[in-house]
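Reading through the structure tokens given below for one structure.
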Amino acid sequence: MISPDNDSMTVDQTAGEQPAKLHSVVRRGRGFNNNSKSTLDGDFDHIEEDTPDSASAPAKSTEGYTIILTNIHEETQTTDLRPVVAQFGQVLNISVPLCFRTGLAKGYAFVQYKDFEAAKTAIAVLNGTSDEPRELVLEVEVTADWAFVRGPARSGRQRK
Amino acid sequence: MSDHRRSRRPRHARASVGRPAAPRRGNIPPAAASAGAIQFPAVPVPLLLPSLRRPSRLVFSLPPARPSPTTMSSSDFAVQDGSAESSSSSETFYVRYFMGHNSRYGLEFMEFEVAGTSGRMRYVNQSKYRRDKIIRKEAYLSKASIQALQQIVAESDIVEEDDKLWPRPNNSGKQELEVVLDNKHISFSTSMITSMREIQDEKDFEGLQTYYYLIQELRSFMNAVISLHFKIIPY
């Protein structure tokens, strides 16, 4: 692991705003000496929900509801995924990001459904938690979940 | 005017209508004439594609085998992999990436950050092209999405690298990568690296290579997330 040398130092707390509650942190890199103004200030656009719900409830995307599939086989392609995920409802978008070293799937994928119910059914069936038999993608049991959650209630401006 | 335009039309244009396009063998040498007659490349391109699409296992070094798929419910989100890198919880995960440069129009940059505890994802893009306004987007990622991102960062072993020998930010631009993973907090800064070729002769080539590939994968993750969540389908 890391041996404490001149550039590494152990501190009690991380500096600045984020992430707190770290007791012993090894810090490294010359970016810590950077005192320039944060570019992450300001008002951020977000998608407004119609009904209030808990912070961990699934969030709506602009066009539909997005789910994430993990544990997918590395040779999975959009064309392998589409027939499986399209059974549950209208699919708007599928994204299978690739590993840049190998050119194969990185192990996760996003699927966007138009309807909430379709996405919910897809998660249940792909996880094997529904009454239906579990659906496999390339003979692999994938794991599905919502990709976005609502987070804490905000009072910022809406997205245009 | 119209006479001039008519005279510019090729003389054979009207004659070839309704006739299969045959090579005209007037004064053209036979070799050139036959070359002009070939309509398609000798090897059909689609036949080449499957082998490009799925690289052989022998040529590329593959990442370690994935953990055997197991059932996982959204409420009980535990890491399935037993390895040391990804056995951490998403409590202490944070990643921020900045790339930008000061052009004569001002600061043009792209930046995103993901905080693992809350799942908050923020994305900023400022381009001064034709007085573009700054884009600021915010969304909250689920634990499953955070886990996928954290696995990318953990597998890359970027927290073991150091930017001591990396090229410094210069006029062509600056990149910053800040990662908190487990009890390690790195904040690297380097110049714009747009291709592997640029880092070929660097002293810390291995480290820069790790960095370069991680950035590509972080960006493809964020690209997928942002385009799916915010993009409007215009039809």
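The values are calculated or read from the model by the stated rules, or taken from the named source; none is laboratory data. Small disclaimer: the values here were computed from a predicted structure and weren't measured. Note that we place each Cβ from the backbone using ideal geometry, even for glycine, and neighbour counts take in every protein chain shown. Side chains included, ligands, DNA and RNA excluded: accessible areas come from the protein's heavy atoms. Shrake-Rupley method; radii C 1.70, N 1.55, O 1.52, S 1.80 Å.
Here are the numbers for the structure shown:
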| read-out | value |
| --- | --- |
| Leading residue by the ranking (farthest from A:Thr62 (Cα to Cα)) among those in region A:79-109 that are open to solvent by 40 Å² or more (accessible area, probe 1.4 Å) and at the interface with another protein chain (Cβ under 9 Å from one of its Cβ atoms) | A:Arg101 |
| Qualifying residue in region A:110-117 (condition: touching a Gly at 6+ places or on another chain (Cβ under 7 Å), over 27 Å from B:Val114 (Cβ atoms), part of a loop (DSSP other than H, G, I, E, B) and open to solvent by 40 Å² or more (accessible area, probe 1.4 Å)) | yes |
| Criterion (open to solvent by 20 Å² or more (accessible area, probe 1.4 Å) and either within 20 Å of the chain's Cα centre (by Cα) or within 26 Å of B:Ser118 (Cα to Cα) (or both)) met by exactly one of A:Thr51, A:Thr143, A:Thr66, A:Thr76 | A:Thr51 |
| Selected residue (only one of B:Ile226, B:Ile186, B:Ile193 is farther than 22 Å from A:Ser38 by Cβ and either of a type in the set (A, V, I, L, M, F, W, C) or crowded, with 19+ Cβ neighbours inside 10 Å (or both)) | B:Ile193 |
| A:Asp45, sole failed condition from (1) modelled with pLDDT under 90; (2) over 26 Å from B:Met99 (Cβ atoms); (3) under 22 Å from the mean Cα position of the chain (by Cα) | (2) |
| Selection within region B:72-126 - at pLDDT below 85, open to solvent by 50 Å² or more (accessible area, probe 1.4 Å), within 26 Å of A:Val26 (Cα to Cα) and hydroxyl-bearing (Ser, Thr, Tyr) | B:Ser87, B:Ser89 |
| Every residue from region A:55-106 that is over 30 Å from B:Tyr211 (Cα atoms), assigned to a strand (DSSP E or B) and not hydroxyl-bearing (Ser, Thr, Tyr) | A:Pro58, A:Val91, A:Leu92 |
| Residue that is nearest to the chain's Cα centre (by Cα) [pool: residues in region B:127-171 that are loosely packed, with under 13 Cβ neighbours inside 10 Å and in a helix (DSSP H, G or I)] | B:Tyr129 |
| Pairs where the first residue, in region A:41-52, is within 9 Å of another protein chain (Cβ to nearest Cβ) and the second is hydroxyl-bearing (Ser, Thr, Tyr), C-beta under 9 Å, 6+ apart | A:Phe44/B:Tyr123; A:His46/B:Tyr140; A:Ile47/A:Ser61; A:Ile47/A:Thr62 |
| Positions within region A:33-54 being touching a Gly at 6+ places or on another chain (Cβ under 7 Å) and assigned to a strand (DSSP E or B), in sequence order | A:His46 |
